[in-house]
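J.: Submitted below is the structure of interest, expressed as structure tokens.
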Amino acid sequence: MSLTTDWTTRPETSADREGVYGVNAAAFETDAEAGLVDALREDPGAWLPGMSYVAEAPDGTIAAYALITRCHVDEAPALALAPVAVLPDHQRQGAGAAVVRAVLEAARARGERLVLVLGHPGYYPRFGFVRASEYAIRPAFEVPDEAMMALVLDGSATVASGTIRYPAAFGV
């Protein structure tokens, strides 16, 4: 497989819902993440219009997906990046990186300060994520320290510290 670097990324539209569900269902062992996206869409306190992005394959189908929703660090607003999904046929070709960069840029353009992700410590640092513990930010559940990461979007030296409060749909 060749690395494709010219992925078209854009905000999700209502016409993309079935494709988004399919990408999430195919990328993970169960359809739990696909259901999570649907549940987050129904939560007005979590869902942020324009923060759900897709990457299109050359044929126009959805190859990758990234979602950012509202969460909090104690009472301070923050963002949660989850899920990020890529169809198996398009993995390791740059689609995931393209859609993550696009949604992070959209968050930056909104004036958001902080994005949190629970993910693979070998993948997310390329986008600037560091251990959340460096900012004294922690989840309310046990995870390896290197897997809970934070990205300060505006370059400020300080952000709120405390415990991450996820939307109810995350079930944590």
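J.: Just checking, how many residues over the stretch 152-172 are more than 14 Å from Glu112 (Cα to Cα), among the hydroxyl-bearing types (Ser, Thr, Tyr) and over 17 Å from the mean Cα position of the chain (by Cα)?
T.: Filtering the stretch 152-172 down to residues more than 14 Å from Glu112 (Cα to Cα) leaves 157, 161-172.
If we keep only those that are among the hydroxyl-bearing types (Ser, Thr, Tyr) too, we end up with 161, 163, 166.
Filter once more, so that each one left must be over 17 Å from the mean Cα position of the chain (by Cα): 161, 163.
Of the residues in that region, 2 qualify.
J.: Out of everything in the stretch 91-100 that is in contact (Cβ under 8 Å) with a residue 60 or more places away in the chain and within 18 Å of Glu12 (Cα to Cα), what residue ends up being most open to solvent (accessible area, probe 1.4 Å)?
T.: Ala98
J.: For residues in the stretch 127-160 being of a type in the set (Gly, Ala, Ser) and under 23 Å from Glu105 (Cα atoms), which is surrounded by the fewest Cβ atoms within 10 Å (Cβ to Cβ)? Step through it out loud before you land on a result.
T.: Within the stretch 127-160, the first condition is being of a type in the set (Gly, Ala, Ser), and the residues that meet it are 128, 132-133, 136, 140, 147, 150, 155-157, 160.
Still in the running and under 23 Å from Glu105 (Cα atoms): 128, 132, 147, 150, 155-157, 160.
Working: Gly128: 13, Ala132: 27, Ala147: 15, Ala150: 22, Gly155: 7, Ser156: 9, Ala157: 5, Ala160: 16.
Among those residues, the one meeting the criterion is Ala157.
J.: List the residue pairs whose Cβ atoms are under 6 Å apart, where the first residue sits in the stretch 134-151 and is more than 12 Å from Val117 (Cβ to Cβ), the second is at pLDDT below 95, and the two are 6 or more positions apart or on different chains.
T.: Every condition considered, the pairs that remain are Tyr135/Val159; Phe141/Val172.
J.: Which of (1) surrounded by fewer than 23 Cβ atoms within 10 Å (Cβ to Cβ); (2) in a strand (DSSP E or B); (3) not aliphatic (A, V, I, L, M) is the odd one out, the single condition Pro121 does not satisfy?
T.: It fails just one condition, (2).
J.: Residues that are surrounded by fewer than 16 Cβ atoms within 10 Å (Cβ to Cβ) and not aliphatic (A, V, I, L, M): which strands (runs of 3 or more DSSP E) entirely in the stretch 2-74 hold 2 or more of them? Full working, then the answer.
T.: Numbers: elements: 8-11, 52-56, 62-73.
Correct list: 8-11.
The values are calculated or read from the model by the stated rules, or taken from the named source; none is laboratory data. Everything numeric here is computed off the predicted structure, so don't read it as measured data. Note that each Cβ is placed from the backbone with ideal geometry, even for glycine, and that neighbours are counted across all protein chains shown. Ligands, DNA and RNA are stripped out before the accessible areas are found, and what is left, the full protein with its side chains, is counted by its heavy atoms. Shrake-Rupley method; radii C 1.70, N 1.55, O 1.52, S 1.80 Å.
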